[in-house]
Amino acid sequence: MKKILIFLSFTLLWGCKEQSKETAETPTIEVSQKEVQKPTNTFGIVIHGGAGTILKENMTPEKETAYKAKLEEAIRVGHTILKNGGTSLEAIEKTINILENSPLFNAGKGAVFTNEGTNELDASIMDGSTLNAGAVAGVSTVKNPINLAKEVMLNSPHVLLSGKGADQFAAERGLEIVDPKYFYTENRMKALQKVKNAPDHPDAKSATSFYDPIIKDSKFGTVGCAALDKHGNLAAGTSTGGMTNKKWNRIGDSPIIGAGTYANNATCAVSSTGWGEYFIRGMVAYDISAMMEYKGVSLQEAASEVIQKKLTKLGGTGGIVAIDNQGNVSMEFNTAGMYRATMNANDELTIGIYKE
């Protein structure tokens with residue numbers, strides 16, 4: 001009997017040790033996520049067409065009308081998709097397509113020129129329900145870079161593709177490919193020549209040397225969109241031609257997830273526009289989301305803190321558009337103006353250009 005008891009005791013002790021060892025080797029990880037209260041039948045969309053020294057005295061009535069008309073056209077496309085029960089991702093893509101196809105904005109057709117007289121386009125998109133994202137940088141033959149960013153997100157194992165590889169992937173996925181000449185516009189070429197011909201400006205030094213508002217703000221024409229659909233899902237997207245006279249395949253914040261674009265159903269969706277180097281250093285889009293998540297502040301409080309204080313303190317200029325998981329919108333910028341528009345579930349449309 002004594003031997004049996006000893007054996008049983010040994011067996012129980014050994015089993016406990018093995019179980020303890022197994023538990024130590026394979027710990028259980030519990031990820032706690034704040035439950036999001038999805039608003040019923042609420043949706044909304046907000047867009048930007050770039051921020052910078054946009055002053056009414058420098059704008060002709062005809063040009064102002066053209067910008068407002070294109071902003072309205074774009075946002076109504078996305079709003080209609082959302083109103084009919086479409087996804088935020090679809091609304092982002094189709095809305096940005098309208099802006100990419102317009103020569104008014106520094107994206108797609110209206111992309112600015114590099115130092116070599118070429119066009120290098122960047123874009124990114126993010127799904128707030130899964131945190132899945134896709135981005136492209138330095139593409140030169142894709143008519144709509146935002147479409148390619150979405151393809152990268154949905155049909156590749158990657159997040160960011162660049163240059164020839166990104167163009168090749170676009171062709172393989174059957175996206176619309178264009179001759180690089182498609183992106184040529186006379187006013188963008190004149191802007192490049194103006195930079196290069198500026199006094200005391202050997203080879204224009206770089207695109208970060210500014211000589212007048214037109215040149216200074218040529219990198220601020222980035223377009224972007226953030227949306228909340230009826231299913232409670234957020235998404236954001238951004239597309240740009242980058243900086244006039246950029247060299248060495250420079251890449252800004254637009255294709256950088258967390259800097260130019262970010263979306264998370266737990267908080268908000270954000271698209272940025274401005275001096276990309278500063279937006280990258282400040283991880284501006286993610287920082288707004290993080291402040292909401294960790295400090296419990298509202299979207300507007302977070303956006304104001306990041307754009308008006310953190311970004312400004314760094315020396316960065318620009319702005320963001322964002323929407324939270326309840327449909328609240330922010331259009332925050334620290335420049336003289338930002339092309340922007342928003343539309344809610346009540347069909348209320350707001351369009352702005354200048355600082356009010």
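With a threshold of 18 Å on the Cα-Cα distance, the over-threshold entries among LYS56/LYS355; LYS94/LYS190; LYS63/LYS196; LYS94/LYS143; LYS70/LYS94; LYS83/LYS355 are LYS94/LYS190; LYS63/LYS196; LYS83/LYS355.
Shown in residue order for the stretch 118-126 are the 3J(HN,Hα) couplings computed by the Karplus curve 6.51 cos²θ - 1.76 cosθ + 1.60 at θ = phi - 60°: 10, 10, 10, 9, 10, 6, 8, 8, 9 Hz (x for Gly and Pro). Measuring nothing but protein heavy atoms, the accessible surface of the stretch 272-356 at 1.4 Å probe radius is 49 percent carbon and sulfur. For the stretch 75-151, the solvent-accessible area with a 1.4 angstrom probe is 26 square angstrom per residue. DSSP finds beta bridges in the stretch 102-182, and of those with both partners inside it, around 70 percent are antiparallel. Split the accessible area of the stretch 41-147 by element, probe 1.4 Å, and carbon with sulfur accounts for 50%. Across the stretch 224-229, rounded Karplus estimates of 3J(HN,Hα) from the backbone phi angles (6.51 cos²θ - 1.76 cosθ + 1.60, θ = phi - 60°) give x, 8, 9, 8, 10, 9 Hz, Gly and Pro being marked x.
Between the amide H of ALA235 and those of GLY128, ALA227, distances stay under 5 Å, these residues lying 5 or more places away or on another chain, with hydrogens modeled in the peptide plane. Evaluated over the Cα positions of the stretch 213-356, the convex hull gives a direction-averaged projected area, one quarter of its surface, of 8.5 nm². Per-residue Karplus couplings for the stretch 93-109, computed as 6.51 cos²θ - 1.76 cosθ + 1.60 with θ equal to phi - 60°, are listed in order as 4, 5, 5, 5, 4, 4, 6, 5, 7, 9, x, 6, 10, 7, 6, x, 4 Hz, Gly and Pro entered as x.
The values are calculated or read from the model by the stated rules, or taken from the named source; none is laboratory data. No experiment lies behind these values; they were computed from the predicted model shown. Protein only, heavy atoms only, side chains kept; ligands, DNA and RNA dropped before computing areas. Shrake-Rupley method; radii C 1.70, N 1.55, O 1.52, S 1.80 Å.
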